[in-house]
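A short worksheet on the structure shown next.
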Amino acid sequence: MAIPLLFQIVLATVIGGLLSVAVAALIMVGLPKRWLTRAVSFSTGLLLATALLHLLPEALESGMTPHEVFPLLLGGILGFFALEKFALWRHSHATADTDAHDGEEHCHDHRHHHHHAPGDGGTLAILIGDGFHNFTDGLLIAAAFLADPVLGWSAAAAIVAHEVPQEAGDFAILLAAGWNKRRALLWNGVSSLTAVAGGVVGYFWLEGAQEWVPVIITLAAASFIYIAVADLMPRLKREAHGIGWHGILLAVGVALVVFGTSHTH
C-alpha cells in the first residue's frame, strides 16, 4: 500500500528538522570541530548535485522551457542574495559563519564572550529568521514530493545536510548570548519544526496549483546553488587543509544523489 504523500512530507520535515539540530548540537558540544568542516564538504556536493542533476531537470520535464527556467533560476539566486543582505531570509550571515567556524572555542568559552553576543532582541531575531528559513525549506520539500516522492526525499536529505552547519552556527550564537545548552537546543528544535508547517502549507497549496510546482522546484534549485556557492564553498576555501577530505566528501555527496535517485529518470 502506497504511503500517503502528506504523511511522507510531514515525516521528512520532522525527521529533517530534528536530525539537523541534533547533529549540530553534538558537533558543538562534544565532537571534534573537523566533523563540522566535513559536514560542510558533504553538504556542498549534495546541494549542487541535487540542484543541477535532479531539481532543474525535473522542472524542465514538468513543462517549463529553458527560456523560462534559467531566468527564474537567475532571479532566484539574486533574490536569495538580496533577502540575505537585508536579513529577511537568513540572519546575520557573517556572525553565524564566524561562530560556526569557531564553534569549538565558543562552546568552551562562551561565558567570556558576552560582549560580542547579541542581546535578547538579537537572539529572538535569530530564532525568527531561522524559523522563516525552515518554513521555506518545508515549502520546497513539499514541491519536490509533489513532483516525485523520491525527489522529495533527495531534496529533504540535501536540506538536512546544509542545515547542520547553519544550526551549529545558531547554537554557538545562543550559547555566546548566555543561554545554557538545554535551552539553546530546545528553541533551536522548535524553530526547526516550522519546516513541518511549510510542508503542510505547501502540500495543500500546490496540490491544487500544479502549475506552480516546477516554479517552486526551480527556486529550490536556486536556493541550493546559492547556499553552496555563496556560503559553504567560501568556508571550505578558508580551511587550512588540502583538497583531500574535502574532495572525497564532495564526491560522496554528489555520488549519493546520482546513485540514490538514478532509477527515477
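Throughout, read-outs are computed from the coordinates displayed, never taken from laboratory work. None of the values given here were measured: they were computed from a predicted structure. Positions of Cβ are backbone-derived with ideal geometry, glycine not excepted, and every protein chain shown enters the neighbour counts.
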Quick check: residue separation of Leu52 and Val229 times 0.36 nm, minus the Cα distance between them. What number comes out in nm? 62.4 nm
Fewest-first ranking of Glu84, Glu211, Glu167, using other Cβ atoms within 10 Å as the exposure measure: Glu211, Glu84, Glu167
Simple spin-label estimate for Val190 and Ala22 in nanometres, 7 Å along Cα-Cβ: 2.1
If you line up the Cα atoms of region 135-265 on their principal axes, what length do they span on each, largest first, in Å? 45, 37, 22
Under the 0.36 nm per residue contour assumption, what length would be gained going from the current alpha-carbon distance of Arg183 and Trp212 to full extension? 6.6 nm
